[in-house]
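Asks: Pasting a structure here, questions to come.
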Amino acid sequence: VGAYKSAGIPSIQFKLPQREILPDFFSSRIPDAYDSKTSAYMMNALSDADFLDDHKKLKDDPRRSNWRKVLKPLADKNDGLVPDQSPISEVLNVAYARHEMARDNVEQALEFLMEKDRTGNA
């Protein structure tokens with residue numbers, strides 16, 4: 001972002017922290033596939049298999065860890081657990097703060113774009 005600003009290009013950056021994997025983590029982010037009970041089972045499975053630290057955050061990058069073995073029995077039948085395609089894979093990337101996109105800060109990003117559009121600086 002600093003290089004863009006130095007070049008006079010309007011820029012904004014949002015640093016998104018790691019997320020806790022709480023009982024409603026999966027059901028709140030993938031509501032069409034997981035209810036609150038299954039979501040809690042998924043969190044417990046990750047915790048029991050030592051994928052979560054004491055703060056309920058992922059210990060390791062989900063792109064490199066073997067969480068699929070733990071969550072496969074609980075996964076929706078339509079979720080092939082394919083890296084960077086699977087809904088579970090994507091929300092775990094978000095939880096680990098290693099993702100291309102997130103729903104967080106969308107309003108602030110749109111406000112930034114609309115303000116730049118209004119001022120003609122976009």
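The values are calculated or read from the model by the stated rules, or taken from the named source; none is laboratory data. None of these values were measured; they are calculated from a predicted model. Backbone-built Cβ (ideal geometry, glycine too); neighbour counts: all protein chains shown. For the accessible areas, the whole protein counts, side chains as well, though only heavy atoms, and no ligand, DNA or RNA atoms are used. Shrake-Rupley method; radii C 1.70, N 1.55, O 1.52, S 1.80 Å.
Asks: What are the residues in the stretch 10-34 that are of a type outside the set (A, V, I, L, M, F, W, C) and either in contact with a Ser or Thr (Cβ under 6 Å, 6 or more places away or on another chain) or touching a residue at least 12 places away in the same chain (Cβ under 8 Å) (or both), if any?
Replies: If we filter the stretch 10-34 for residues that are of a type outside the set (A, V, I, L, M, F, W, C), which is where we start, we get 10-11, 13, 15, 17-20, 23-24, 27-29, 31-32, 34.
Pro10, Gln13, Pro17, Gln18, Arg19, Glu20, Pro23, Asp24, Ser27, Arg29, Tyr34, listed by residue number.
Asks: Find the residue count for the stretch 18-32, including only residues that are open to solvent by less than 40 Å² (accessible area, probe 1.4 Å) and assigned to a loop (DSSP other than H, G, I, E, B). Break it down stepwise before answering.
Replies: Step one: list which residues in the stretch 18-32 are open to solvent by less than 40 Å² (accessible area, probe 1.4 Å), which gives 21, 25-27, 30.
Filter once more, keeping what is assigned to a loop (DSSP other than H, G, I, E, B): 21, 30.
Going through the stretch 18-32 one residue at a time, the tally reaches 2.
Asks: Tell me yes or no: at least one residue of the stretch 41-54 is touching a residue at least 12 places away in the same chain (Cβ under 8 Å), under 20 Å from Arg98 (Cβ atoms) and of a type in the set (Asp, Glu).
Replies: No: zero hits.
Asks: Let me ask another. Being surrounded by 12 or more Cβ atoms within 10 Å (Cβ to Cβ), under 30 Å from Leu110 (Cβ atoms) and hydroxyl-bearing (Ser, Thr, Tyr) is true for just one of Ser65, Ser39. Which residue is that? Break it down into steps so the answer makes sense when it comes.
Replies: Details: Ser65 fails: under 30 Å from Leu110 (Cβ atoms).
Criteria check complete, one pass: Ser39.
Asks: Follow-up question, since we're still on this one. Among (1) open to solvent by 70 Å² or more (accessible area, probe 1.4 Å); (2) free of Cβ contacts under 8 Å to residues at least 60 places away in the same chain; (3) under 26 Å from Ala109 (Cα atoms); (4) touching a helix residue (DSSP H, G or I) at 6+ places or on another chain (Cβ under 6 Å), where does Asp84 come up short?
Replies: Only one criterion in (1) open to solvent by 70 Å² or more (accessible area, probe 1.4 Å); (2) free of Cβ contacts under 8 Å to residues at least 60 places away in the same chain; (3) under 26 Å from Ala109 (Cα atoms); (4) touching a helix residue (DSSP H, G or I) at 6+ places or on another chain (Cβ under 6 Å) is unmet by Asp84, namely (4).
Asks: Of everything in the stretch 1-17, what is within 17 Å of the chain's Cα centre (by Cα) and open to solvent by 70 Å² or more (accessible area, probe 1.4 Å)? Give them in sequence order.
Replies: Gln13, Phe14, Lys15, Pro17
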